[in-house]
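The values are calculated or read from the model by the stated rules, or taken from the named source; none is laboratory data. Keep in mind the model is a prediction, meaning the values are calculated, not measured. Quick reminder, even Gly has a Cβ in these numbers, built from the backbone with ideal geometry, and neighbours come from all protein chains shown.
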Amino acid sequence: MTLAPYATLAATTRGRLYPEPESRRRSAFQRDRDRIIHSTAFRRLKHKTQVFIAPEGDHYRTRLTHSLEVAQIARSVSRSLGLNEDLAEALALAQKIDRAPNLRFGGLQSYHGRAQHIRDFDERRAAIESAVVMTRDTVGLLARKGLSCDIVGGAGTGTYQFEAASGVYNELQAGSYAFMDADYRLNLKQGGGFIDEFENALFVYATVMSKPGETHAVVDAGLKAYSVDSGLPVLRDFPELNVAGASDEHGKIMLTPAFNDSNKSLHVGDKVFLIPGHVDPTVNLYDWYVCYRGDRVEAVWPITARGALQ
């Protein structure tokens, strides 16, 4: 579709600090629209009723459905006038939230999830710098329309230093750093080497149940004890060994000839500390944190959000 000469173009923003390949699926303004669509404030519209037309039936207009109608009208009008549809829809959604009773448009949630686990430091920084430019453009656009972004949130454990230095974000949502996991530790820092700003502080405490031979040992922690969406756990005290597989109740630790020939060993009854590949869904499997210092348990904390997804 050819836009009118006076239309705002996605390609004529303030530009990118670093060149990036254009998406074949979404323009910069489409990404802005998606940020609003997936924001918490927009999702809260789901239970806000705009108009009741009858006490029975399934044709109710709520604030959520009305917002979608407004957004679609904005796209249709923009298309007719040769304007940028994605930009018009983003503005319509933000203005709809701002004008809704008992709601206030508070800002943008601009979290670049895919960038968190880009291993190379320079590639990770470039991905965030691109997001920073788009976020800055969106904040400026909304300000010109009278919408103030009091909160510009985003960032994660893998990229928080870039968003913090940008001058655009005023709320960082990094969380995994408190525990760290095996997957985040694979990210590279500037100059090479794995990141080491934060130490691992969350472990699954497992017991060696059997050792059928010299090739492997079996522990009593499997798929019900840790998440494997980001890979199998690693052993804190034996980094040279690998957890090669897991069933519901058990994990398989592969033993190497070099390990068997060393002074180290694993015997039935030994305890091992497993570092989960992904801490978030692993925590969700438990009711309590057992907090220890040295060899002494100092506290037991409830996981209050456990089971709160229903």
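Matching residues to (1) free of Cβ contacts under 8 Å to residues at least 40 places away in the same chain; (2) closer than 18 Å to S176 by Cβ:
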position	(1), (2)
E214	no, no
S227	no, yes
F238	yes, no
E249	yes, no
V279	no, yes
A308	yes, no
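Specify the residue that is modelled with the lowest pLDDT; the eligible residues are those in region 103-125 that are surrounded by fewer than 20 Cβ atoms within 10 Å (Cβ to Cβ) and hydrophobic (A, V, I, L, M, F, W, C).
L103
From the residues in region 61-82 that are surrounded by 15 or more Cβ atoms within 10 Å (Cβ to Cβ) and among the charged types (D, E, K, R), which one is modelled with the lowest pLDDT?
Step by step, filter region 61-82, then rank; the result is R63.
Just give me the residues in region 74-99 being farther than 18 Å from Q30 by Cβ and over 28 Å from the mean Cα position of the chain (by Cα), in sequence order.
The answer is S80, L81, R99.
So K271 fits all but one of (1) touching a residue at least 60 places away in the same chain (Cβ under 8 Å); (2) crowded, with 17+ Cβ neighbours inside 10 Å; (3) of a type in the set (D, E, K, R); what number is the exception?
Here K271 meets the rest and fails (2).
How about region 210-237: which of its residues are farther than 30 Å from G113 by Cβ and crowded, with 16+ Cβ neighbours inside 10 Å?
Within region 210-237, K211, H216, A217, V218, V219 meet the criteria.
Within region 129-137, can one find any residue that is within 25 Å of A11 (Cβ to Cβ), free of Cβ contacts under 8 Å to residues at least 40 places away in the same chain and polar (S, T, N, Q)?
Yes, there is a match, as at least one residue in region 129-137 is within 25 Å of A11 (Cβ to Cβ), free of Cβ contacts under 8 Å to residues at least 40 places away in the same chain and polar (S, T, N, Q).
Exactly one condition in (1) touching a helix residue (DSSP H, G or I) at 6+ places or on another chain (Cβ under 7 Å); (2) assigned to a helix (DSSP H, G or I) is not met by D137; state its number.
Here D137 meets the rest and fails (1).
Output the strands (runs of 3 or more DSSP E) that fall wholly within region 193-310 and possess 2 or more residues being in contact with a Lys or Arg (Cβ under 6 Å, 6 or more places away or on another chain), or say none.
216-219, 242-246, 271-275
Based on this model, can you work out whether G269 counts as modelled with pLDDT under 95 and among the small types (G, A, S)?
no
If E163 meets every condition in (1) touching a helix residue (DSSP H, G or I) at 6+ places or on another chain (Cβ under 9 Å); (2) part of a helix (DSSP H, G or I); (3) over 11 Å from Y111 (Cα atoms) apart from one, which number is that one?
Failing condition for E163: (3).
Looking only at region 39-60, decide whether some residue is modelled with pLDDT of 75 or more, aromatic (F, W, Y) and closer than 27 Å to N170 by Cβ.
Checking region 39-60: not a single residue is modelled with pLDDT of 75 or more, aromatic (F, W, Y) and closer than 27 Å to N170 by Cβ.
Return the only residue of S210, S227 being polar (S, T, N, Q) and under 22 Å from N284 (Cβ atoms).
Every option except S227 fails the conditions.
Which number in (1) part of a loop (DSSP other than H, G, I, E, B); (2) under 23 Å from Q109 (Cβ atoms); (3) at pLDDT 75 or above marks the one condition that K96 misses?
Here K96 clears every test but (1).
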